[in-house]
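Encoded as structure tokens, the structure appears first; notes follow it.
The values are calculated or read from the model by the stated rules, or taken from the named source; none is laboratory data. Note that the coordinates shown come from a computational prediction; the quantities given were computed from them, not determined experimentally. Don't worry about glycine lacking a Cβ; one is built from the backbone with ideal geometry, like all the others, and counts go over all protein chains shown. Just so you know, the surface numbers come from the protein's heavy atoms only, side chains and all, with ligands and any DNA or RNA stripped out. Shrake-Rupley method; radii C 1.70, N 1.55, O 1.52, S 1.80 Å.
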Amino acid sequence: MADGIFILSGAGLSAESGLRTFRAEDGLWEDHRVEDVATPEAFARDPQLVQRFYNLRRAQAAEATPNAAHLALAELQDRYPGPVHLVTQNVDDLLERAGARSVTHMHGALKDALCAACGHRWPAPMVMDVNAPCPDCGAPATRPDIVWFGEMPYHMEAIQEALEDSALFVAIGTSGVVYPAAGFSQMARAYGIRTLELNLKASGGRFDEIREGPATEVVPGWVK
Ligand code: BV8
């Protein structure tokens, strides 16, 4: 009997910790659309620009502190008798720092570096130098461990299994624009799973229930 809770979070979960979202009016960076910076082509074309983008985001994430929504989700994962699958599109580690035991980063994580040649992963320095050789194979193929547009998100099989194992699907602070994450609520509905959206403003996606408000209010309000 599936009794899990599947929680998909997006940039809105960390907005009140001071981390910018992507598609609000200020969704630009150095006058670049994020879609133009978060791509393998952008990295091949101008590695320094992309490196600057992620070094800045890594520093901002390190400065930020978990908010009441992160803490409420960590507490839920601790207290709920069934599995709580925290699947996030976010690349910050605020859920972990709030005490969450396991978080699935489907778009990667700022805290890791990746070797594009051998796949070796290691803790990223605060200021990543993409010219630094891979500590394992020595290749000059260091990159942020981030899933860019056009790249396959991580952990898709585990995410599919988690969804099948759940009785409730909750989308928190995501505009539902980016696939395949944006398709999870549809999949949940197809499995007959109840769906809930917690968002500052309804994203326009189809949910059985929608609660509008800032994450630091609606998430603790729902968890308790
Ligand atoms: C894939 C990197 C295929 C990390 C991200 C053309 C070419 C290639 C692909 C495509 C294409 N056209 C379409 C696609 C598919 C593409 C896609 O969906 N594009 C969109 C733009 C149409 N998807 C992909 O490319 C994916 N890969 O398809 O691969 C494939 C298949 C097989 C084999 C190989 C390849 C990869 C997608 C991942 C891209 N990487 N990020 C980083 O830099 O951060 S996506 C990026 O958007 C972030 O991860 C972010 O999390 C994600 C989603 O955005 P949101 O989190 O929802 O944030 P947003 O700003 O949009 O919304 C904020 C929300 O918060 C709002 O709803 C707002 O109301 C709410 N909010 C604000 N404040 C608060 C709040 N809520 C509560 N409280 C508040 N205080």
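Restricting attention to the range 127-154, the residues that are part of a loop (DSSP other than H, G, I, E, B) and either in contact with a Pro (Cβ under 7 Å, 6 or more places away or on another chain) or crowded, with 18+ Cβ neighbours inside 10 Å (or both) add up to 12.
If you scan the range 62-86, which residues turn out to be within 16 Å of the ligand (Cβ to nearest atom) and either touching a Pro at 6+ places or on another chain (Cβ under 6 Å) or not in a loop (DSSP other than H, G, I, E, B) (or both)? Across the range 62-86, the qualifying residues are ALA62, ALA68, ALA69, HIS70, LEU71, ALA72, LEU73, LEU86. Within the range 170-193, the set of residues being part of a helix (DSSP H, G or I), buried (at least 20 other Cβ atoms within 10 Å of the Cβ) and near the ligand (Cβ under 7 Å from one of its atoms) comprises just one member, ALA181.
Scanning the range 106-123 for residues that are in contact (Cβ under 8 Å) with a residue 40 or more places away in the chain and open to solvent by 20 Å² or more (accessible area, probe 1.4 Å), we see that the one that is nearest to the ligand (Cβ to nearest atom) is HIS107.
When the residues of the range 91-105 are filtered to those that are surrounded by 24 or more Cβ atoms within 10 Å (Cβ to Cβ) and part of a loop (DSSP other than H, G, I, E, B), which remaining residue is farthest from the ligand (Cβ to nearest atom)? So the residue we want is ASP92. Filtering the range 116-157 to residues that are touching a helix residue (DSSP H, G or I) at 6+ places or on another chain (Cβ under 7 Å) and among the basic types (Lys, Arg) leaves only ARG143. Tell me, please, whether a residue that is more than 14 Å from the ligand (Cβ to nearest atom), modelled with pLDDT under 95, part of a loop (DSSP other than H, G, I, E, B) and of a type in the set (D, E, K, R) can be found in the range 201-215. Scanning the range 201-215, I find no residue that is more than 14 Å from the ligand (Cβ to nearest atom), modelled with pLDDT under 95, part of a loop (DSSP other than H, G, I, E, B) and of a type in the set (D, E, K, R), so the answer is no.
Scanning the range 155-169 for residues that are closer than 25 Å to PRO214 by Cα and surrounded by fewer than 22 Cβ atoms within 10 Å (Cβ to Cβ) yields ALA167, LEU168.
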